[in-house]
1. Report the full-extension gain for the segment L254 to L693: residue separation times 0.36 nm, less the Cα-Cα distance, to one decimal in nm.
2. Which trypsin sites (Lys or Arg not before Pro) in region 357-416 sit in a loop by DSSP (not H, G, I, E or B) and have at most 15 other Cβ atoms within 10 Å of their own Cβ?
3. Quick check: convex hull over the Cα atoms of region 511-641, volume per residue in Å³, rounded to an integer?
4. Given N residues in region 208-700, what is Rg(Cα) / (2.2 N^0.38 Å)?
5. Can you compute 3J(HN,Hα) from phi for each residue in region 361-368, using the Karplus curve 6.51 cos²θ - 1.76 cosθ + 1.60 with θ = phi - 60°, rounded to whole Hz and x for Gly and Pro?
6. If we sort 126-133, 478-485 on the protection proxy, mean other Cβ atoms within 10 Å, highest first, what's the order?
7. Can you list the HN-Hα couplings for region 207-218, worked out from phi with the Karplus curve (6.51, -1.76, 1.60; θ = phi - 60°), rounded to whole Hz and with x for Gly and Pro?
8. When only DSSP loop residues count, what chymotrypsin sites (Phe, Trp or Tyr not before Pro) in region 547-648 have their Cβ near at most 12 other Cβ atoms within 10 Å?
Amino acid sequence: MSSSFTKLALWFAASIIAGCPFAIIAQSSSGVLQGRLSFTDGKPAAGVIVVITNQTTSDEITKRTSSDGTFSSRLRAGAYRVRVQLPYEARFDRGKLTDYGVFASVICDETKKRCATLENVIIDGERKIDFVVVEPAKETADATTPTAAASPDRREVRDRWRIEFPEYDRYGDRGARGRDVPFRRGKWYNPYDQNVLKGDRPIFGDDYFIILSGVSTSQIEIRRTPSGNNVSSNEPDSNNFFGRPESLSFNQTLQVSFEFFKGQTVFQPRQWAFKISPTFSVPNYLNARENGIVNVDVRHGTNRTDLHASLEEAFAEVKLFDVSDNYDAVSTRVGIQPFSADFRGFLYSDNNLGARVFGSFANNKYQFNVAYFRQLEKDTNSGLNSLDKLRNQNVYIANFFRQDFLFKGYTIEAVGAYNDDRASIHYDSNGFLVRPALVGSARPHSIKAGYVGVNGDGHIGWLNLTHSYYFAFGEDDLNPIAGHRTDIRAHMAAAEASVDRDWLRYRASVFYSSGDKDPTDDKATGFDAIFDDPNFAGGQFSYWNRNGIRLVSTEIGTVQPNSLLPTLRSSKIEGQANFVNPGIMIFNAGVDAEVTQLFKIIGNANYLRFSRTEPLEYVLFQPGVRHEIGTDLSVGVVYRPLLINNVTFTFGGNLFMPGRGFRDVYTDRSLNCPIPSFCGDTVPNPTKPQYTLFSQMKLVF
């Protein structure tokens, strides 16, 4: 008997324990909404249909009131909207919202005290709502009562900027223990909540907005690139031609942007806008291993810390006129502004001082830009604008786009540009002469170069396609390498095809720029751009694209930072274009892998060759330079820990394996040290693999 009772007690206890969670779940996952409806004279409103709408799923439940005016409905936990069907209307008193629930609100003009619809009624247990109903057709209109019947498919709101979900904490514990809070009120400091600071709502009126944003970019980089040694070597007993090639850099950039504009922010172009973006490099640090790199004065040693303040955007924009009723318009923008001449930045991509007229027509299928830039000088170390001085260079660019050209999703572009770079003398921030380039006949000279080009970007069915072609023409009145006036005739072409397969994108591309076969004649056939910043063939992850490689024993570079072109310029950002150069051919294969929503991996392999080697042989007084530059392998990782672009970490590494042409230019150990055993075992070997390792943290508000 005792044993049977014990078993029964254990079974009963286990049933209670097992059943409690289900009872709790059932209690927390449903509730009851009930109430009593009455007319204005206090009599019960029998036969009135109450409409209860779930604000998450939009499911509707209807209940007819009984003879005493009451109704009751069991509902799932959630937020609900309550009204009644015509010919009746509810009258929810704005002054008694707390009686309906802590989050309850009414929908109607804010000047009215009683409204026909109640929303944000939270059901998480029993909820009782008593309210008055009227027949609008018989109701005497007054200032406090709406006179028009509310249509069941319409809601009256203050304005379209404040349509948002109600705050709703499903479990009532403010998201404790990892539980979700489906709807919550936004915070002004959260860029993913609606707020005034990022232009989601007007700051005043109905169409005046501000956008306040900030960007912090922190980057550290270690690299090995060929560097020269001079008579003031950092090592007193060193007499080697090549110096130690390693360097370490750190750069912290802060940018704050403020924009104020009038407009409707969606399809209709803005009426006018003002924007300013102060930018600070704090600091820019470089630690090299040889003198004469951080500054022309070797007494500055091997490291440098530099600070710089700039304006990367400061412009005013005005809409000139509408072209059609479909929001096509023509606008103008004047001031320091960003502009890229083409899809990938092959010709001109910069933030600089200028004026631009732009617009669209035919339902935005056609777009155009007509721009003029009076170039500002650049800060040598940060690459930001220098506000101290205007450069004596004028750039004119016009482009025209046609969307859905021949194929849906494919855009074609025509470009015309003119670079009027006049003679001047300029030393960079570190004391090096950059205009004119210190090579050959180093005298001030003017370049007048025109460009015409065709670009395309988009997809043709399953094939993603990007292509570009430019032809350069004009004159250089005294090319320093040729030593006399030259006529410019040069070409550039690029194409990339890619295919998407699930989370992978396979890419293949080719890049070509023509080279000069005779550096002493009056024809300059090596292609150079105005101010390129190409996102192509590996982009920022590529060794060749990322690094500026100096042509040792000269004051010019084989290639400049953030460029694919081996132009033999003194500087891309402060020097002048040079059309007597070797040109290049790049063959690229790569893959982009969206491993997860957090990680993206970008891999690239490039094979590089000089188009011509005669300019290198002429500058270096070295015959027999071969065409092969080498192989460039790179990998990059983009990590978004919060699944948003406001916090992004980028890691990259590359390895450059020199080819025969690169070894010819930068020589090997036997040529560096022609007398056996004279130099010892410490001679750096520039034929060893070169590399770059970098990491970047970007924070955006």
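Every number in this text was worked out from the coordinates using simple rules, so none of it is lab data. In this text, all values refer to a predicted model and were calculated from it rather than measured experimentally. Don't worry about glycine lacking a Cβ; one is built from the backbone with ideal geometry, like all the others, and counts go over all protein chains shown.
1. Between L254 and L693, full extension yields an extra 155.8 nm.
2. Here the sparse-neighbourhood loop sites are K365, K408.
3. 105 Å³
4. That ratio works out to 0.99.
5. Along region 361-368, the couplings run 7, 6, 6, 6, 6, 10, 10, 8 Hz.
6. 478-485, 126-133
7. Karplus values, whole Hz, x for Gly and Pro: 8, 10, 10, 10, 10, 10, 9, x, 9, 10, 10, 10.
8. F621
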